[in-house]
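**Student:** Attaching a single structure in structure tokens format; questions to follow.
Here, each number is a calculation from the coordinates, and none is a lab measurement. The model shown is predicted, which means the values in this text are computed figures rather than measured ones. Neighbour counts run over all protein chains shown; Cβ positions are idealised from the backbone, glycine included.
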């Protein structure tokens, strides 16, 4: 029985590589799912980095790529803002814990005024 050699479109290759690069899936997962050799995916990654999949990009594809870049930049900005807010909340919580341990009330004041017993 002769096995037919499969061929894949550049869009499919680009989709696989971008999934790996973005971290949405691992190389092993995609290799199993699509029954593709991991070695072949490595070759596609090298070709992707060399720009092979973007040689004959028309204006429609370029517009899609620019839209994708804008979407990813928006998400990056959102994540950076969220990260900054979480850091501030953490710092605020830490400062409140420090302040609450150093508050002197009238009850504490009498005890402190009398000295250690």
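**Student:** Estimate the FRET efficiency between residue 21 and residue 82 by the formula 1/(1 + (r/R0)^6), using the beta-carbon distance for r and 25 Å for R0, to the nearest 0.05. If you can, show how the numbers build up before the last one.
**Tutor:** Numbers: r = 22 Å, r/R0 = 0.90.
Result of the calculation: an efficiency of 0.65.
**Student:** Determine, for 11, 61, the number of other Cβ atoms within 10 Å of each Cβ, and report the residues in order from fewest to most. Write out the running numbers ahead of the final one.
**Tutor:** Working: 11 10, 61 13.
By the 10 Å Cβ count, ascending, the order reads 11, 61.
**Student:** Output the relative contact order of the range 8-56, whole-number percent, from Cα pairs under 8 angstrom with separation of 6+ residues. Can you show the working numbers first?
**Tutor:** Working: 24 pairs, mean separation 19.3, N = 49.
That works out to 39 percent.
**Student:** Still on this structure, please answer the following. When a footprinting reagent is the concern and you count Cβ atoms within 10 Å, what order do 16, 69 take, fewest first?
**Tutor:** Working: 16 23, 69 10.
Ascending number of Cβ neighbours within 10 Å: 69, 16.
**Student:** Please work out the Kirkwood hydrodynamic radius for the range 1-50, using every pair of different C-alpha atoms, and report it in angstroms with one decimal place. If you can, show how the numbers build up before the last one.
**Tutor:** Numbers: mean 1/r = 0.0883 Å⁻¹.
Hydrodynamic radius (Kirkwood, Cα pairs) of the range 1-50 is 11.3 Å.
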